[in-house]
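To start, the structure itself, in structure tokens.
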Amino acid sequence: MARLSIRLLGTSQITLDGEPIRGFASDKVRALLAYLVMTADQPHRREALAGLLWPDYRERFARSSLRNALANLRRAIGDRAASPPFLHISRQTIQFNEDSDYWLDVMAFQALVSADQPSEEQLQEAVGLYHGAFLEGFSMPDSAAFEEWLLFKRQELGRLVLEALYLLVQT
């Protein structure tokens, strides 16, 4: 099993070495992790992340809030002790490290349903991973841009599970 396990389909569950992580200081920290892991193929500028999660703050306060959230996230997921680390961090950008020891249910789900001619077993496994809507019950009402991204992901993944169920019924 991966050292960091991230379940975002249904209610989020994040474990480190099989133990639930309870050290997140706020929902903003959870949102930061979810956004970074779901967009791990690209680095994100710090000011863009600060604007995404703290849109109503002045830039200086938003960036300070991002620094605090990032410090909490790194502590919670054991980033400094991980080899390789879970996060690539520079003065300008932050990116989730796709080469780190992690497992993401969304990535496994998408791989199964996106296979060329998925088998019945693959479809059943994919449907089994789908424990509910993406980040079910989670919202960031003070961040319209994050809410928009969240809604888009929920719709995209919901459509994929419906397609998988349709294919299963056809077999």
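See the values below:
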read-out: Most to least accessible of Phe61, Phe96 (protein chains only, probe 1.4 Å); value: Phe61, Phe96
read-out: Estimated distance in nm for a label pair at Ala111 and Ala81, the labels positioned 7 Å out from Cα along Cα-to-Cβ; value: 2.6 nm
read-out: Extended-chain gain in nm, criterion 0.36 nm per residue less alpha-carbon gap, Leu162 and Arg91; value: 21.4 nm
read-out: Farthest positive-ward along the chain dipole, Cα basis, beta-carbon charges - from Ala25, Met140, Leu4; value: Ala25
read-out: Surface share of carbon and sulfur [accessible, 1.4 angstrom probe, percent] for the stretch 1-148; value: 45 percent
read-out: Whole-Hz ³J(HN,Hα) from phi, Karplus 6.51 cos²θ - 1.76 cosθ + 1.60, for the stretch 91-104, glycine and proline x; value: 5, 9, 10, 9, 8, 6, 8, 5, 8, 6, 8, 9, 10, 10
read-out: Approximate spin-label separation Arg60-Glu136, in nm, with each point projected 7 Å along Cα-to-Cβ; value: 4.4 nm
read-out: Interchain or long-range residues, amide H under 5 Å from Leu87's placed H; value: Asn97
read-out: Charge dipole (the chain, unit charges on Cβ, about Cα centre) - positive-most of Leu157, Val37, Leu70; value: Leu70
read-out: Within the stretch 67-134: Cβ-based charge dipole about Cα centre, in debye rounded to nearest 20 (Lys, Arg +1; Asp, Glu -1); value: 800 debye
read-out: Packing-based order for 136-144, 74-82, using average beta carbon neighbours within 10 Å, highest first; value: 74-82, 136-144
read-out: In sequence order, calculated HN-Hα J values of the stretch 14-19 (Karplus, 6.51, -1.76, 1.60; Hz; x Gly/Pro); value: 10, 10, 10, 6, x, 9
read-out: The chain - percent relative contact order, Cα under 8 Å, separation 6 or more; value: 29 percent
read-out: Unit charges on C-beta of K, R, D, E only; dipole of the stretch 5-128, Debye; value: 1140 debye
read-out: Segment Leu151-Gln13, extension gain: residue separation times 0.36 nm, minus the distance between their alpha carbons; value: 47.8 nm
read-out: Gain on full stretching of the segment that runs from Gln124 to Arg22 - 0.36 nm per residue minus C-alpha separation; value: 33.6 nm
read-out: Amide proton proximity set for Ile21, modelled H, under 5 Å, gap of 5+; value: Ile14, Thr15, Leu16
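The values are calculated or read from the model by the stated rules, or taken from the named source; none is laboratory data. Everything numeric in this text was worked out from a predicted model, so none of it was measured. Note: ideal-geometry Cβ built from the backbone for every residue, glycine included; neighbour counts use all protein chains shown. The accessibility values were calculated without ligands, DNA or RNA, using every heavy atom of the protein model including side chains. Shrake-Rupley method; radii C 1.70, N 1.55, O 1.52, S 1.80 Å.
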